[in-house]
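Beneath this line is the structure, given in structure tokens, with notes to follow.
Each reported figure results from applying straightforward, stated rules to the coordinates on display, with no laboratory input. Only a predicted model underlies this, so the values are computations on that prediction, with no experimental measurement involved. Neighbour counts are summed over all protein chains in view; Cβ atoms, including those assigned to glycine, are modelled from backbone coordinates with ideal geometry.
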Amino acid sequence: MKRISQIGLVLIVFLAINLNINAQNKDNERGYIVKTGELAPDFTMELTDGKTIQLSSLKGKIVMLQFTASWCGVCRKEMPFIEKDIWLKHKNNPNFALFAIDRGETKEKIEQLVKSTGITYPVGMDPKSEIFFKYAEKNAGITRNIIIGKDGKIVMLTRLFEPEEFEEMCKAIDKLLE
């Protein structure tokens, strides 16, 4: 009987390790160079309204970063959902911050994107993709979200707009803000 318990314990440990490796492999397959549980790389960016934000100054808040661009159809599809299901729900919560980060475009292009999608959440500019490259491989696609916990560590990484994963992300944000 003791032998069976030991085998069961070994199997549980093996499964836990395998699940963690699979999650990390999924992030690598999605073009991320960061992993959940790691400290989010710090950066400073200018918003379209002229304000400057440094990520590390937001420590103590739940932060959502959405990498986007005007030419990205999937981004355009996802943005109204972020607006409705996340931003409008949490924008008045002092413990929450959300920023779209436009990759490689001019302020004029970004303003056209904002107007065409109807979003009201803040948009940062990443004209040389330097912020993006802190999180993802140089040739990786956009439409990715990063959820950062109050401790500054990455809690969740998404890629593309998949309704199930988006719902999971919404629930994770709600839980972190409880």
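Here's the yes/no breakdown for (1) touching a helix residue (DSSP H, G or I) at 6+ places or on another chain (Cβ under 8 Å); (2) among the polar types (S, T, N, Q):
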| position | (1), (2) |
| --- | --- |
| LYS59 | no, no |
| GLN66 | yes, yes |
| TRP71 | no, no |
| ARG76 | yes, no |
| ILE82 | no, no |
| ILE86 | yes, no |
| ASP102 | yes, no |
| THR106 | no, yes |
### Odd one out for THR52 among (1) loosely packed, with under 14 Cβ neighbours inside 10 Å; (2) over 22 Å from LYS107 (Cβ atoms); (3) more than 16 Å from the chain's Cα centre (by Cα)
(2)
### Residues of the range 55-69 satisfying the condition of being crowded, with 21+ Cβ neighbours inside 10 Å and small (Gly, Ala, Ser)
ALA69
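Quick one: would you say LYS77 is within 12 Å of TYR121 (Cα to Cα) and loosely packed, with under 15 Cβ neighbours inside 10 Å? Can you show your working first?
On the way: within 12 Å of TYR121 (Cα to Cα): no; loosely packed, with under 15 Cβ neighbours inside 10 Å: yes.
When the stated conditions are applied, LYS77 does not pass them.
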### Message
I'm checking my understanding of the structure. Among residues of the range 120-135 that are more than 14 Å from ASP42 (Cα to Cα) and hydrophobic (A, V, I, L, M, F, W, C), which one is surrounded by the fewest Cβ atoms within 10 Å (Cβ to Cβ)?
### Response
MET125
#### Entry: Where THR120 falls short, out of the listed (1) part of a loop (DSSP other than H, G, I, E, B); (2) more than 25 Å from LEU177 (Cβ to Cβ); (3) in contact with a helix residue (DSSP H, G or I) (Cβ under 9 Å, 6 or more places away or on another chain)
(2)
### Message
Filter the range 132-153 down to the residues that are part of a helix (DSSP H, G or I) and over 20 Å from ALA97 (Cα atoms) and list them by number.
### Response
PHE133
### Task
Test each condition in (1) surrounded by fewer than 15 Cβ atoms within 10 Å (Cβ to Cβ); (2) in a helix (DSSP H, G or I) for ILE110 and report the one that comes out false.
(1)
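Output the number of residues of the range 91-105 satisfying the condition of being part of a loop (DSSP other than H, G, I, E, B) and farther than 17 Å from CYS75 by Cα. Walk me through how you get there before you give the answer.
Filtering the range 91-105 down to residues part of a loop (DSSP other than H, G, I, E, B) leaves 91-95, 104-105.
If we keep only those that are farther than 17 Å from CYS75 by Cα as well, we get 91-95.
Going through the range 91-105 one residue at a time, the tally reaches 5.
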### Query
Any idea how many residues of the range 154-169 are out of contact with any Ser or Thr (no Cβ under 8 Å at 6 or more places or on another chain) and either crowded, with 17+ Cβ neighbours inside 10 Å or in a strand (DSSP E or B) (or both)?
1
